[in-house]
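**Student:** Submitted below is the structure of interest, expressed as structure tokens.
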Amino acid sequence: MPKQLRLRTLPSEESTLRGKNLEIQFPLSAEILDLIEDMKLTVKKAPGIGLAAPQVGKNLMLAIINLEELGVKPFAIINPRVISKSIKKTEMDEGCLSMPGQFGPVRRPAKVEVSAYNEQGKKVLIKAGKLLAKVLQHEIDHLNAVLIIDKMEK
Ligand SMILES: [Zn+2]
């Protein structure tokens, strides 16, 4: 059974949240497959719309996107990279499970294309706009040790 994982938060766990995240090797190990299920449960319970592995203490290039409100089942993105982004930027208020209570405007490209592997080990290209584009960028930032406090309008 999947288990709920402890969320790592600022300021006490900055070293994990700012750590270097390692690429995941394929085929996926049983340990990684379990971690994916545990993270899906954890992000649903939080509740949140995205969760990156360093936020549960694992410095790996893995995140879960949970946009069930848009009718999409939670899915994993593994070793993701933003491969193109729109010149147009839009602002959206963002929060972060690792920064409880902090919420503020973040400016990011409106659309992105992300290359990643899915949990079946297949390479996928995700063309995203609107909320999905923002969540993908927020989570990929985590995997590069970037947090929204670095990007919030001062
Ligand atoms: Zn976050």
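**Student:** What do you reckon, is Ala46 out of contact with any Cys (no Cβ under 9 Å at 6 or more places or on another chain), within 20 Å of Glu14 (Cα to Cα), within 16 Å of the ligand (Cβ to nearest atom) and open to solvent by less than 20 Å² (accessible area, probe 1.4 Å)? Spell out how you get there, then give the answer.
**Tutor:** Values: out of contact with any Cys (no Cβ under 9 Å at 6 or more places or on another chain): yes; within 20 Å of Glu14 (Cα to Cα): yes; within 16 Å of the ligand (Cβ to nearest atom): yes; open to solvent by less than 20 Å² (accessible area, probe 1.4 Å): no.
No; evaluated as a whole, the condition is false for this residue.
**Student:** Then there is this: In the set Ile87, Ile126, which member is away from the ligand (no atom under 14 Å from the Cβ), farther than 20 Å from Leu10 by Cβ and touching a residue at least 24 places away in the same chain (Cβ under 8 Å)? Show your work before the answer.
**Tutor:** Numbers: Ile87 fails: touching a residue at least 24 places away in the same chain (Cβ under 8 Å).
When all the criteria are applied, what remains is Ile126.
**Student:** Checking Ile64 against (1) open to solvent by 10 Å² or more (accessible area, probe 1.4 Å); (2) within 25 Å of Glu23 (Cβ to Cβ); (3) not charged (D, E, K, R), only one condition comes out false. Which one?
**Tutor:** (1)
**Student:** Let me ask something additional. Among the candidates Pro109, Pro100, Pro105, which residue alone is closer than 18 Å to Pro47 by Cα and more than 14 Å from the chain's Cα centre (by Cα)? Don't jump to the end; show me each part of the working.
**Tutor:** On the way: Pro109 fails: closer than 18 Å to Pro47 by Cα; Pro105 fails: closer than 18 Å to Pro47 by Cα.
The unique qualifying residue is Pro100.
**Student:** If we keep just the residues of region 128-154 that are part of a loop (DSSP other than H, G, I, E, B) and within 12 Å of Met92 (Cα to Cα), which is most open to solvent (accessible area, probe 1.4 Å)? Don't jump to the end; show me each part of the working.
**Tutor:** The initial filter retains those residues of region 128-154 that are part of a loop (DSSP other than H, G, I, E, B), namely 129, 144-147, 151, 153-154.
Pick out the ones that are also within 12 Å of Met92 (Cα to Cα) and you get 151, 153.
On the way: Lys151: 76, Glu153: 98 Å².
Looking at residues that are part of a loop (DSSP other than H, G, I, E, B) and within 12 Å of Met92 (Cα to Cα), I get Glu153.
**Student:** Any chance you could count how many residues in region 96-112 are touching a residue at least 12 places away in the same chain (Cβ under 8 Å), within 16 Å of the ligand (Cβ to nearest atom) and open to solvent by less than 90 Å² (accessible area, probe 1.4 Å)?
**Tutor:** Selection size over region 96-112: 9.
**Student:** Can you tell me which residue is nearest to Leu28 (Cα to Cα) among those in region 73-82 that are touching a residue at least 12 places away in the same chain (Cβ under 8 Å) and open to solvent by 10 Å² or more (accessible area, probe 1.4 Å)? Spell out how you get there, then give the answer.
**Tutor:** Restricting attention to region 73-82, the residues satisfying the condition of being touching a residue at least 12 places away in the same chain (Cβ under 8 Å) are 74-82.
Restricting the remaining residues to those that are open to solvent by 10 Å² or more (accessible area, probe 1.4 Å) gives 74-75, 79, 81-82.
Values: Pro74: 18, Phe75: 15, Asn79: 12, Arg81: 18, Val82: 22 Å.
Once the filter is applied, the top-ranked residue is Asn79.
**Student:** Let me ask you something else. Output the number of the condition that Ser86 fails; it satisfies all remaining conditions of (1) touching a Leu at 6+ places or on another chain (Cβ under 7 Å); (2) closer than 22 Å to Pro109 by Cα.
**Tutor:** In the conditions (1) touching a Leu at 6+ places or on another chain (Cβ under 7 Å); (2) closer than 22 Å to Pro109 by Cα, Ser86 misses (1) alone.
**Student:** Only one residue in Lys73, Lys20 is away from the ligand (no atom under 14 Å from the Cβ) and more than 20 Å from Ile126 (Cβ to Cβ), so which one is that?
**Tutor:** Values: Lys73 fails: more than 20 Å from Ile126 (Cβ to Cβ).
Within the list Lys73, Lys20, the selection yields Lys20.
**Student:** Keeping to region 83-94, report how many residues are under 16 Å from Lys151 (Cα atoms) and open to solvent by 30 Å² or more (accessible area, probe 1.4 Å). Reasoning before the result, please.
**Tutor:** Narrowing region 83-94 to residues under 16 Å from Lys151 (Cα atoms): 89-94.
Next cut, open to solvent by 30 Å² or more (accessible area, probe 1.4 Å) only: 89-93.
Of the residues in region 83-94, 5 are under 16 Å from Lys151 (Cα atoms) and open to solvent by 30 Å² or more (accessible area, probe 1.4 Å).
The values are calculated or read from the model by the stated rules, or taken from the named source; none is laboratory data. Remember, it's a predicted structure, so these values are computed and weren't measured experimentally. Every residue, glycine as well, gets a Cβ built from its backbone with ideal geometry; the counts of neighbours run over all protein chains shown. Note: accessible area is taken over every heavy atom of the protein model, side chains too, but ligands, DNA and RNA are not part of it. Shrake-Rupley method; radii C 1.70, N 1.55, O 1.52, S 1.80 Å.
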